[in-house]
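Visitor: Before we start, here is the structure in question, set down as structure tokens.
The values are calculated or read from the model by the stated rules, or taken from the named source; none is laboratory data. All figures in this text were calculated on a predicted structure; none of them were measured in a lab. Glycine gets a Cβ as well: all are built from the backbone with ideal geometry, and neighbour counts include every protein chain shown.
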């Protein structure tokens, strides 16, 4: 599950890092994984995703809450057994 979250976040590449190293977002991915334990809705997880990346990257993180919601939906779907289709 954690590896799938890393894959989803790396495909999203929320700070547009190039070239992207495989472990570039590992700390943030771990925090998102942990947030799944205390969030009950897609909206709550989206808020956590937004806050995690904003705290880590500050002004470099320019994604909207709607983009975070899309990522949260993918993660919740994954948790429910729906797979990890590509962001693109």
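Visitor: With the requirement that a residue be surrounded by 13 or more Cβ atoms within 10 Å (Cβ to Cβ) and within 11 Å of residue 15 (Cβ to Cβ), what does the stretch 46-68 give you?
Guide: 53, 54, 56, 57, 61, 63
Visitor: Looking only at residues that are touching a helix residue (DSSP H, G or I) at 6+ places or on another chain (Cβ under 8 Å) and farther than 20 Å from residue 72 by Cβ in the stretch 1-22, which one is modelled with the highest pLDDT?
Guide: This residue is 20.
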